[in-house]
Amino acid sequence: MRRLVTGLLACALLGSACVAAPTATPVPPPPTSIPPIPPSIPPATSAPQLTPAAAATGTALPPAPTEASVSVVDNGFSPRTQRLKAGGVVTWKYTGESGHTITDTVGGTTPDTRGKVFDKVISSGESFSFAFAAAGNYPYICRFHSGMAGTVVVE
Ligand SMILES: [Cu+2]
């Protein structure tokens with residue numbers, strides 16, 4: 001507003017012809033034709049894809065076995081941790097001298113909470129097999145020897 005007033009005042013004082021400067025440049029009309037659509041992009045079926053074999057390389061574990069054997073010795077289980085496929089069977093084989101038990105501690109380690117899944121006294125030359133239907137961790141102990149423990153990991 002101040003600029004307009006100044007311009008009018010200048011015109012009045014100088015008496016010269018005042019022509020308003022154009023306030024905007026002409027805008028070209030909008031294009032009336034739509035540009036052509038580029039050729040369609042080919043489908044992505046040719047893109048390289050990872051195969052399951054390629055994705056499985058590296059650190060993946062082999063499939064869990066459906067049958068496994070655990071040695072019972074004086075005084076421990078070998079291996080301490082045994083993987084198993086759900087529905088599979090673990091067989092404990094004992095060749096030691098003193099008696100042991102294979103007692104789960106899934107519900108707890110106290111006398112009234114342990115052994116709810118399996119609880120087997122095993123002597124020299126015997127074996128014990130148990131089928132694990134459901135996935136999960138099944139820790140177990142020998143009730144006679146503290147520190148004698150193992151785990152079956154059912155996948
Ligand atoms: Cu034992």
Being over 12 Å from ALA149 (Cβ atoms) and either surrounded by 20 or more Cβ atoms within 10 Å (Cβ to Cβ) or touching a helix residue (DSSP H, G or I) at 6+ places or on another chain (Cβ under 6 Å) (or both) is the filter here; which residues of region 75-87 pass it? GLN82, LEU84
Please determine, by comparing only the residues of region 113-127 that are within 33 Å of the chain's Cα centre (by Cα) and not basic (Lys, Arg), which one is surrounded by the most Cβ atoms within 10 Å (Cβ to Cβ). GLY115
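Among the residues in region 78-85, are any within 14 Å of VAL152 (Cα to Cα), more than 28 Å from the chain's Cα centre (by Cα) and at pLDDT 95 or above?
yes
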Filter region 128-155 down to residues that are aromatic (Phe, Trp, Tyr) and more than 18 Å from ALA86 (Cβ to Cβ) and give me whichever is surrounded by the most Cβ atoms within 10 Å (Cβ to Cβ). PHE128
Go through region 94-112 and report how many residues are surrounded by fewer than 17 Cβ atoms within 10 Å (Cβ to Cβ) and touching a residue at least 40 places away in the same chain (Cβ under 8 Å). 2
So in region 97-155, with the set limited to residues that are charged (D, E, K, R) and assigned to a loop (DSSP other than H, G, I, E, B), which one is farthest from the ligand (Cβ to nearest atom)? GLU155
Given the criteria over 32 Å from the mean Cα position of the chain (by Cα) and within 16 Å of the ligand (Cβ to nearest atom), does TYR94 qualify? yes
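The values are calculated or read from the model by the stated rules, or taken from the named source; none is laboratory data. Keep in mind that what you see is a predicted model, and the values were worked out from it rather than measured. With ideal geometry, Cβ positions are generated from the backbone for all residues, glycine too; neighbour counts draw on all protein chains shown.
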